[in-house]
Structures are given as C-alpha cells and as structure tokens.
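Written below as structure tokens is the structure these notes are about.
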Amino acid sequence: MTVQTKERQCIKVGKNQVELPAGVTLADWALEKKRSQNPRIRSYLGCIRIIEEVLESNYAILNCSPVRLHKIWQKIRRVCLLIRSEIAPTLKESSHFPELDKALSNADGAFEQLSRNVLDHVERYSDHVTTNDMPEVRKLLCISVGKLYAFLRDTLGEILASDPRSHNDSDYFLSKRFAQEIEESEWLYSSVYELHVFVEGLEKLCSAEFQVILAGMRTDRMITHSGDWERLSKLIEVLLKGLTPKLRAVLLHRSIRLNEIEVIDEYAFEIPYQCKALIEVYEAGREVIEEIKSSTGVTLKEREQSVDALMSCHLVFSRRMVTYLSGVNETLRDLEHFISNWLSAIERRRCMMLTKNPTEIRSSASFPEKTARSGNKRREKLRAKTISL
C-alpha cells in the first residue's frame, strides 16, 4: 500500500509510513526491489540455509569420516560459488536509499576481504577431495566455514536493517534464531571480557618489566644479563603459552565478526613471531659471545681484537633485541586497546539486538578499526614473512 505527500512519496510498511528520499519515486523503489534487493536477499538466505546444514565444530571437521567431509566440502564449495556469482555482483549496485547504499558498500568491502582470505583458497582445490588433500582441506574448512557464515550473517543483517521495510521485525524477536543469537552473543561477550581482564593485567606487568630491560640494553649497549633474561623469558612463556591460546580460542566463537576474526588472527600470529624471534636473537648472541670469550688469543693484540669483537657483537645483538622487545611491548599495548574497544562494540551490539529501532546506535556499534590497528604497516611486513590462510 502506498500514499503520496506533497513533498515526498511514502511507502506503508505495516502501521508505519516510510518516506522515500527526495527525488525517488515509488516506481524507482519498486524497480530496485524487483531487480536487486529482493534477489539479493533470496541469494543470501539460500547460502545461509546451505551453510547451516554443515555448521560443525572444528573438532568435528578434523575427525569426521571422509564421506561427511566430502559432503561438507561440496556445500562449502557451492556457497563460495554462489557468493561470488550471485551475491557479489548485487553488492556493487547502488541503492536509492543512502543508508542501504552504505550497507551495500560495506558488504562489498567485506566481500573483497573474504575473497582474498577464503574464496581464493577454497577455489584452489577441486570439487572432489583426494586422500592427499584431506588434511589440508580439513584445516581449510576449520578456517573458512566460520568466516563464510560470519560474512553472510553480518552483511545480510546490515542490509536488512537498512531496508526501508525492516520496521516489522517482531517475527525475528519471537524466533528460535533470536534466542540462539542472544546465547552466542553472551558467550562471546563473557569470553572477550575475560580476555580483556587477562590482557590488561599482562600488559601492565610486561610494560613495566620491558621498560627496565630496554633502558638497560640501550644504556649499556650489551645483551641483557642472565638474571634479566630469566625474568623476561618467564613473561615470554606467558605470552606464548597463555595469551596466544586464549586468542585462538576466541576465534572459535560463531558470533565473532569477520573483521574481528582478521584482527585477532593477526595478533595471534604477530605476538608469537616476535617472541620467538627475540629468543632466537638472544640465544644466537649468547652463543657467539661465549665463542669469542673462549678464544681470546695469547698476545695483547689478539686479546684487544677479541674485546673489540665482543663489544661489536654485544652492540649488534642488543640493537636487534631492543627492536623485537619494543615490538612485543607495542603490540601488546595495541592489543589491550583493541580488546577494550572491541568489548565496548560488543556491548553496543547486544543493545541493538534488543531494540526494534537501532538507528540511533547503529553507527557506534561498528568496530573502530583505524584506532585499534595503528601498527598495521609494521604487521603487514611481519605477515608477509609467512604463508598464512
């Protein structure tokens, strides 16, 4: 049903009248619905139905039978094909509604990330999974299924929220899906809250200790002595065996969003990389220093050369240690800031789930990536040194 005003035309949705943007006619909106918006939504829902048939835990994917694995793989391949061939082209089409147009632009950007991080990797394998490919395919599915599902749910949610017909959403609030999403959201929130408490305390402890050791190496221009290294190595062990598994565990949540997965996965890679590099530099430096000390020579000139070599060794290795230790300190501080903002974003998303009119808080619920990822260029250089999915 439609009504017309003097200035703008309106469409009637349930008991509400939604005003069309200036210059947009009822015919324009009807054509947009028929050509792009409705087919777009149908494609999304079709992909979601397919992928929900094979939503398994990582443990189940890694241990299922070859027959079940083949079924999961076929459906994921089908979803990837539909996303690329049916959904992606519709995301590039503009909308007469500015809010919907922005949602489509955001979804298109998310698709570009999904294409690089998931679709390209899935498409490298054929439809038929060979015995040799099974181990790699299992690992790929563990990474891909959640990202595909998160992309479909998140981008469709934003598109539907921006659709002018989205005011009548009582059916969603009464559905089983709503209760499930509430439960998953609460689980994610509690996990991120615990992670935030852990990282906040760890960052304060590490920052204080790191600053003392960094100041000593910069002043003395020598590798830190064994006592300082013993304290430092205990903190590094906490980062490797305590923090990194916690970051990986958060990635298993179904309600985590695609961009959050990318950022957390990046931190889970970078922190171990820097810590292991720091250990390698220290051990190599100590080995070289001990070798120089054991062969000081007999003559005065030989001993002077050994001393010069020893000082040069200390200088070179201490500089490298300062670089890596400063990097760990900066990354940990950046991670603490990220999780703090992330926790606030999840709180706002929880509020949006319980209101029928999220317009006022929708803009504040998106994650502030620019603020949280201040060290992006440095991370890209580190990331390029490994082959990662």
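None of the figures in this text is laboratory data; all of them are computed from the coordinates on show. Bear in mind that the values here come from a model prediction, so they are computed numbers and not experimental data. With ideal geometry, Cβ positions are generated from the backbone for all residues, glycine too; neighbour counts draw on all protein chains shown.
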Fill in: 20 °C / 1.002 mPa s Stokes-Einstein diffusion coefficient of region 183-283, Kirkwood radius on C-alpha pairs, µm²/s
141
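Can you give the FRET efficiency to the nearest 0.05 for Leu81 and Tyr193, using r as the Cβ-Cβ distance and R₀ = 30 Å?
The computed FRET efficiency comes out at 0.20.
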Practice prompt. State log₁₀ I(q)/I(0) for region 22-158 at q = 0.15, 0.16, 0.20 Å⁻¹ as given by the Debye formula over alpha-carbon point scatterers of equal weight, solvent excluded.
Written response: -0.72, -0.80, -1.11
Discussion item. Students often get this wrong: which residues of region 302-337 have the backbone nitrogen under 17 Å from the point 7 angstrom along Cα-to-C-beta of Arg221?
Written reply: 305-323
Worksheet item: How do 123-133, 71-81, 46-56 rank on mean C-beta neighbours within 10 Å, highest first?
Response: 71-81, 46-56, 123-133
Discussion item. Could you tell me the calculated FRET efficiency between His70 and Glu112, based on Cβ-Cβ distance and R0 = 30 angstrom, to the nearest 0.05?
Written reply: 0.50
Worksheet item: Counting Lys and Arg as +1 and Asp and Glu as -1, what is the net charge of the other residues whose Cβ lies under 13 Å from the Cβ of Leu141?
Response: +4
Fill in: Burial ranking of peptide ranges 282-290, 154-162 (average Cβ count within 10 Å, highest at the top)
154-162, 282-290
Worksheet, complete the sentence: FRET efficiency for Tyr125 and Arg35 from the Cβ-Cβ distance with R0 = 30 Å, rounded to 0.05, comes out at 0.30
Worksheet item: Once you put a point 7 Å from the Cα of Ser312 and another 7 Å from the Cα of Glu291, both along the Cβ direction, what distance in nm separates them?
Response: 1.4
